[in-house]
Amino acid sequence: MDDLAQKVVNARRILDGLFFKFSDEITASLTAVLTRENFILIGPPGTAKTMLVASISKLLKAKWFYRLLTKFTEIEEVIGPIDVVELLKGNVKRIYTNSIVEADFALLDEIFNASSAILNTMLTILNERVIYDGGNIIPVKTWTVFGATNRIPDEEELQALYDRFPLRVFTKYAAPEETEDLIKTGLRLRKEYESLAPVMSMDEVKKLNEYIKNYVYENMNSLVKHISRIVASFLDHVVISNRTRVKVPLYVVSYLTVVGIKPSDIDAAVLRAGTLKVLKYLVKDKEDLSEYESFLATHMPGNLSVLYDMVKEIKALIANNAISIAKEKLREAYELFEKSVADPVTYRFFQVEIEEIKTTLELLKSQL
């Protein structure tokens, strides 16, 4: 299984090299694939959501289905048209070829704009992987359903559908000062997309999925012991449904696999770090995302939480013109920062946060 896990890591590395600042989107989407979970990208149009799913499909040699949904989209456009030849014989049958039913991956763009008929059909696809077509129950092959939307639904009737996308990432436009790097990365993606070659197959994805499930079941007590404490603490800040909470251990082990952690290397510190990272993908809206960032700042390992507090203190000292004290605190912060970077678990999982702290410390140093 190590070879299969390495293939997922390779897919992630390839995608990280092709997309600009898309690490969360890439990691969360591959985590969703390994758990056969539904995943939704929330953000404005033109942030490469469709291209990400297309690229993953190529790397995993997966057949994918795409549809932009509106109120006028017909159900036949999603699950397939009625077979006219059979209809003339008096039989009502549908052609499922080239529909969501026969796809490995499906991307439903602006899913919350769909008609009620499509939304009702999507509920059973997302939850049970079947459709009820007339008097028949039709199995849906789709492994992972990707959703894309530029809004979070506030309609009551859409909440059940939204909850069936438990893994979520908020995309955004690049900042103005990032335009040069964005253009270079985007052009490289356009150039290399057509030549992308598969690094693993869907059969291999399914084998790895089975292995991860068995690992979670066999190590359930120890996994739940460490993961549930962090999740329970997070629930003081946000709401996560029971359906999603039950699957968090699967998400965490899949996430760890995507970032290159073998099951044999999973210990309490790694589980804690992995859980903290996965929680970001379970928030409901941007308000919850802010709560997550505050929660993460106070729960990060390796003195990073202390460093966040020290940065706030130094800023306050500078604002009050207590320069000499601020300089001493800054020296202490740098010493603590070096110790944090030396911790392998901290450095591996929290590189983004480490870089943010480093940049802030350098800015404070220049001010002093």
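Odds and ends about this structure:
- Identity of the residue in region 213-250, in contact with a Pro (Cβ under 8 Å, 6 or more places away or on another chain) and under 21 Å from Tyr162 (Cβ atoms), that ends up least open to solvent (accessible area, probe 1.4 Å): Thr244
- Selection count, region 322-346, where residues are open to solvent by 90 Å² or more (accessible area, probe 1.4 Å) and either on the phi > 0 side of the Ramachandran plot or touching a residue at least 24 places away in the same chain (Cβ under 8 Å) (or both): 2
- Residue satisfying condition, being open to solvent by 30 Å² or more (accessible area, probe 1.4 Å), closer than 27 Å to Ala5 by Cβ and among the hydrophobic types (A, V, I, L, M, F, W, C), within set Ala103, Ala48, Ala32, Ala54: Ala48
- Screening Tyr96 with (1) surrounded by fewer than 22 Cβ atoms within 10 Å (Cβ to Cβ); (2) assigned to a helix (DSSP H, G or I) gives one miss only, at (2).
- Among the residues of region 159-192, those identified as in contact (Cβ under 8 Å) with a residue 60 or more places away in the chain, open to solvent by 20 Å² or more (accessible area, probe 1.4 Å) and not in a helix (DSSP H, G or I) are Arg164, Phe170, Lys172, Tyr173, Ala174.
- Meets criteria (within 30 Å of Gly17 (Cα to Cα), modelled with pLDDT of 95 or more and of a type in the set (Asp, Glu)) for Glu204: yes
- Restricting region 273-290 to residues that are touching a helix residue (DSSP H, G or I) at 6+ places or on another chain (Cβ under 6 Å) and without any contact (Cβ under 8 Å) to a residue 60 or more places away in the chain leaves a set whose member that is nearest to Pro249 (Cα to Cα) is Thr275.
- Filter result for Ala269 (within 28 Å of Lys7 (Cβ to Cβ) and part of a helix (DSSP H, G or I)): yes
- Considering the conditions (1) open to solvent by 80 Å² or more (accessible area, probe 1.4 Å); (2) under 26 Å from Val169 (Cα atoms); (3) not charged (D, E, K, R), Ala319 is excluded by exactly one of them, (2).
- Residue in region 350-360 that is within 33 Å of the chain's Cα centre (by Cα), in contact (Cβ under 8 Å) with a residue 12 or more places away in the chain and more than 23 Å from Val278 (Cα to Cα) present: yes
- For the residues Asn120, Asn127, Asn209, the requirement of being touching a residue at least 24 places away in the same chain (Cβ under 8 Å), assigned to a helix (DSSP H, G or I) and open to solvent by 70 Å² or more (accessible area, probe 1.4 Å) singles out Asn127.
- Within the span defined as region 300-311, every residue fails to be in contact (Cβ under 8 Å) with a residue 60 or more places away in the chain and closer than 28 Å to Val239 by Cα.
The values are calculated or read from the model by the stated rules, or taken from the named source; none is laboratory data. Predicted, not measured: the structure shown is a model, and the values here were computed from it. Using ideal geometry, Cβ is built from the backbone for each residue, glycine included, and neighbour counts are taken over all protein chains shown. Ligands, DNA and RNA are stripped out before the accessible areas are found, and what is left, the full protein with its side chains, is counted by its heavy atoms. Shrake-Rupley method; radii C 1.70, N 1.55, O 1.52, S 1.80 Å.
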